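Asks: I'd like to ask some things about the structure below.
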């Protein structure tokens with residue numbers, strides 16, 4: 001049986017900006033520097049769209065993992081879903097929801113995961129707390145990035161283009 005958890009991040013930011021940053025591969029990589037996460041195939045830069053996939057390579061628990069995810073639902077600027085199509089999990093589904101609440105945007109991440117490596121108890125004691133910290137840190141990073149003015153000489157909002165490795 002999979003484990004599910006929810007992370008809520010709030011910020012006084014523009015909802016569309018936070019939504020777009022959440023789909024931006026470069027912003028994701030910047031939020032995951034501790035794991036050395038990088039996009040190695042599929043959409044490897046800029047914004048990812050509905051039906052598109054990205055393959056990530058990252059170090060977690062001292063081990064290098066590769067995981068491919070596809071965007072399976074996208075309703076800008078309200079929600080999108082990414083799901084693992086191949087990788088270390090028996091299943092991995094991440095729903096991102098963005099709601100306006102007065103002057104704040106409420107970003108809710110709902111993750112449902114099942115791991116073939118951990119039993120149910122270890123999944124709840126080790127994996128879920130680790131992923132909770134990871135997703136909470138990512139949320140804080142994205143809200144901070146969304147709330148800051150672009151540095152001088154930058155283009156501002158995330159790129160809409162797609163960088164793909166040759167041959168894709």
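Laboratory data are not the source of any read-out in this text; all were calculated from the coordinates shown. Since we're looking at a predicted model, the values are computed, not measured. Cβ atoms come from the backbone with ideal geometry, glycine included; neighbour counts cover every protein chain shown.
Asks: Per residue of the chain, what 222 nm ellipticity follows from adding -39500 (n - 2.57) for every DSSP H run with n ≥ 4, rounded to the nearest 500?
Replies: Taken over the chain, the calculation gives -6500 deg cm²/dmol.
Asks: Here's another thing I want to ask about it. Pulled fully out, how much extra length does the chain show between residue 68 and residue 125, if you take 0.36 nm times their separation in residues and subtract their Cα-Cα distance?
Replies: Once the chain is fully extended between residue 68 and residue 125, it gains 18.0 nm.
Asks: So, one more: Go ahead and collect, in residue order, the members of the range 90-122 whose backbone nitrogen is under 18 Å from a label point 7 Å along the Cα-Cβ direction of residue 78.
Replies: Correct set: 95-102, 105-110.
Asks: Say each of residue 57 and residue 140 gets a label point 7 Å from the Cα, pointing the same way as Cα to Cβ; how far apart are those two points in nm?
Replies: 2.9
Asks: As I understand it, the value is the acute angle between the Cα axis of helix 128-147 and the longest principal axis of the Cα atoms of the chain; what does it come to in degrees, rounded to 10?
Replies: So the helix axis and the longest Cα principal axis differ by about 10 degrees.
Asks: Once Rg and Dmax of the Cα atoms in Å is worked out from the coordinates, which option in (1) 18.5, 69; (2) 19.4, 65; (3) 15.7, 50 does it equal?
Replies: It is the one labelled (3).
Asks: While we're here: Given Cα pairs under 8 Å that are at least 6 residues apart, what percent is the relative contact order of the chain? Present the calculation step by step, with values, prior to reporting the outcome.
Replies: Working: 338 pairs, mean separation 50.9, N = 168.
Dividing the mean separation by the residue count of the chain yields 30 percent.
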